[in-house]
Amino acid sequence: MGIGAFIAQARRLAAHEGRWMASLGLWVARRSHGVGDADIAVGYARAQAPTAYGLVFVFVVETVGVSFMLAAYPVAHLAMLLLDLYTVFLVLGLHAAAVTRPHVVGPDELRIRRGARLDLRIPLERIAAARYDLRFPDANKSEDGVLDVAIASQTSITIELTQTVTTVSLLGRRAEVHTVRCHADEPQTAVAAIKKLLPADS
């Protein structure tokens, strides 16, 4: 990897860090990111909430336990305390990003998001079909031209496109996709909202 590519990836990771941190503030304020007055927000975070809260509980218990174990070693205690607190806020921030950055069905485009990691904009005129389609994709396998945006190891909506769109990963890798599979808390309601904005023959 060249120095330029390394710097570009570092910037993308720093931007991701900033987004999930900002999401904590939005979560506390009960606000959403990128949802306009004419848009429909489609939540997807409900399925991952038990895992997120479970991890937070485990990390908090670990933080308390390690603090007692390292009480006699101030430097090590402080270092581990800061690391453990960062981990707790990281898990909360990633979940907050999923809550405050929902999918968005707008009058001109569909935004498929996954927390602070992904924000894919699909013009409505490129959508051929949208349907409820419950799947449990294998994270170790991928199909050419298919983007799986799984939450809690599942997707529930399949969107087929008339033209490909470009998706960009967290580290900047680009791919052309003709099918997008994502999850929604209320998938059938979300599909109905998408279809309502498509031409009658879609």
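The values are calculated or read from the model by the stated rules, or taken from the named source; none is laboratory data. Model, not experiment: these values are computed from the prediction. Cβ coordinates were reconstructed from backbone atoms using ideal geometry, including for glycine residues, and neighbour counts include every protein chain displayed. Keep in mind that these areas ignore ligands, DNA and RNA; they rest on the heavy atoms of the full protein, side chains included. Shrake-Rupley method; radii C 1.70, N 1.55, O 1.52, S 1.80 Å.
Annotations
- Per-peptide average of other Cβ atoms within 10 Å, ordering 158-167, 50-59 highest first: 158-167, 50-59
- Of (1) 48, 28, 27; (2) 52, 33, 33; (3) 71, 41, 33, the label for Cα extents along the principal axes in Å derived from the coordinates: (3)
- Residues residue 82 and residue 61, FRET efficiency given R0 of 22 Å [Cβ-Cβ distance, rounded to 0.05]: 0.80
- Comparing mean-square fluctuations of 130, 96, 38 from a GNM of the chain with C-alpha springs under 10 Å, the top value falls on 38.
- For residue 110, distant residues with modelled amide H under 5 Å away: 122, 124
- Percent accessible area from carbon and sulfur atoms, the stretch 43-202, protein chains only, probe 1.4 Å: 60 percent
- To the nearest ten degrees, helix 3-28 and the longest principal axis of the Cα atoms of the chain are 90 degrees apart.
- Solvent-accessible area of residue 84 with every protein chain in place, 1.4 Å probe, in Å² to the nearest 10: 10 Å²
- Label-to-label distance, nm, for residues given as residue 186 and residue 51 (7 Å Cα→Cβ offset): 2.4 nm
- Ranked by the mean number of other Cβ atoms within 10 Å of their residues, highest first, the peptides 183-189, 6-12 come out as 183-189, 6-12.
- In Å², nearest 10: area of residue 136 left accessible to a 1.4 Å probe: 140 Å²
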